[in-house]
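First the structure, in the form of structure tokens, and then the observations on it.
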Amino acid sequence: RIVVVGSLNLDRTYSLGRLPREGESLHATGHEVASGGKGANQAVAASLLGADVRLVGAVGADAAGTLLLDAVAASGVDVTGVRRRPDGSTGEAVIFVDDDGQNLIVISPGANATVAADDVATVDADWVLSGFEIPDEAVIAAAHHAHAADARFVLNPSPFRLIPDALRHAVDVMVVNEHELVEALGAAVDSSSDAELQQARASLSVPQLVVTLGAAGAAAVSGSGVFRAPGRAVTAVDTSGAGDAFTGALVARLAAGDALEAATVFATQVGAHAATRPGTQSSYPTSAELDRWLQG
Ligand code: ADP
């Protein structure tokens, strides 16, 4: 079983001809509300692919909280570990997207900021996945519970902030995109160089490092070398949530017993699928949908 300790956000997406300038009011041409947040996205991605997933996090006692819990549960995720804060509001992401697909995102963390060490009960987990849309305290607790339970701990330090030492040393697998890798290292890195990726893994002192490379796929870096999973050539429609689809799929396959390399190949396919469909969770495939898409 996989336990995801992470965020849930109500995504409010406004379509605009162009992004607003300072002091300006614009009329949106479209408005959509959807279930999002990195933790929820990753949990849904893994669950749709057949993994047994529990999500730990927090929402408010408002209508948005109900919408998120229902949506995530409908994808098969166990949401009994998601606390409802009677006096808190549900996290929200306000997303402006222009006609060219450029975006501006503002996140109001709401209840996500209240996830505390006490909320993190990762009983029965073989794999624990966490990220940075919740406080350090909760992520560190997730890592500690993972180790106490002899489970593996996967960290997706996104959106990036400094990785506390208490966390870094507990990581079994770190998943980052190219921007996060540069921020984590505090230096530029040429991700086309195997030597530089191996050096990055050593500097971060993690046993296994997976770097997503957008349309170019992903690289899995471990003691046995650098393995590259090429990107699948697709017509990208909306890449939002592709990274979360990738991470959820990766952990689903690792939990099913795949080696890092095989899990990375699988995850790039799921990430590519997500890029070909609008939205985040709505762009994630079940195993059957993925098989049909890969054959088609
Ligand atoms: P993030 O969304 O976190 O910035 P990436 O852009 O690296 O992460 O995308 C994550 C994964 O999604 C990639 O490893 C790849 O599998 C898939 N992906 C993203 N964009 C594309 C694309 N344009 N074509 C094919 N696959 C893509």
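Bear in mind that the values in this text are calculations on the coordinates, not laboratory data. It should be emphasised that the depicted structure is a prediction, and the values quoted were computed from it without experimental measurement. Virtual Cβ from ideal backbone geometry, glycine too; neighbours counted across all protein chains shown.
For the reader, a short list of remarks on this structure follows.
- In order along segment 41-50, the phi-based Karplus estimate (6.51 cos²θ - 1.76 cosθ + 1.60, θ = phi - 60°) of 3J(HN,Hα) comes to 4, 5, 5, 5, 4, 5, 5, 4, 8, x Hz; Gly and Pro are listed as x.
- Separation between Cα centres of segment 241-296 and segment 9-87, rounded to whole Å: 19 Å
- Peptide packing for 19-27, 277-285 was compared via the average number of neighbouring C-beta atoms within 10 Å per residue; ordered from the highest value, the list is 277-285, 19-27.
- Net charge of neighbours whose Cβ lies under 15 Å from the Cβ of VAL226, counting Lys and Arg as +1 and Asp and Glu as -1: -3
- Counting DSSP beta bridges with both ends in the chain, the antiparallel % (nearest 5): 40 percent
- Length-normalised contact order of the chain in % [C-alpha pairs under 8 Å, at least 6 apart]: 17 percent
- Karplus-derived 3J(HN,Hα) values for segment 87-96, using 6.51 cos²θ - 1.76 cosθ + 1.60 with θ = phi - 60°, are 10, x, 9, 6, x, 9, 10, 9, 10, 9 Hz; glycine and proline are entered as x.
- For VAL175, residues with placed amide H under 5 Å, excluding near neighbours: LEU155, ASN156, VAL210
- Taking amide hydrogens as placed 1.01 Å from N in the peptide plane, the amide H of GLY37 sits under 5 Å from those of ASN9, each at least 5 positions away in sequence or on another chain.
- In this structure, the amide hydrogen of VAL82, modeled 1.01 Å from its nitrogen in the peptide plane, lies closer than 5 angstrom to those of GLY57, counting only residues at least 5 positions away or on a different chain.
- The Cβ shell under 11 Å around THR212 holds other residues with a net charge of -3, Lys and Arg each +1, Asp and Glu each -1.
- In this simple spin-label model, placing a label point 7 Å from the Cα along the Cα-to-Cβ direction at both ALA61 and ASP165 gives a separation of 4.2 nm.
- All other residues whose Cβ lies under 15 angstrom from that of ALA263 are scored, Lys and Arg at +1 and Asp and Glu at -1, for a net of -1.
- Cα gyration tensor shape for the chain, rounded if a/c is under 1.5, else prolate or oblate: rounded
- Phi-derived couplings, Karplus 6.51 cos²θ - 1.76 cosθ + 1.60 at θ = phi - 60°, listed residue by residue for segment 152-163: 8, 10, 10, 10, 10, x, 9, x, 5, 8, 3, 8 Hz, with x used for Gly and Pro.
- Peptide packing for 32-41, 78-87 was compared via the average number of neighbouring C-beta atoms within 10 Å per residue; ordered from the highest value, the list is 32-41, 78-87.
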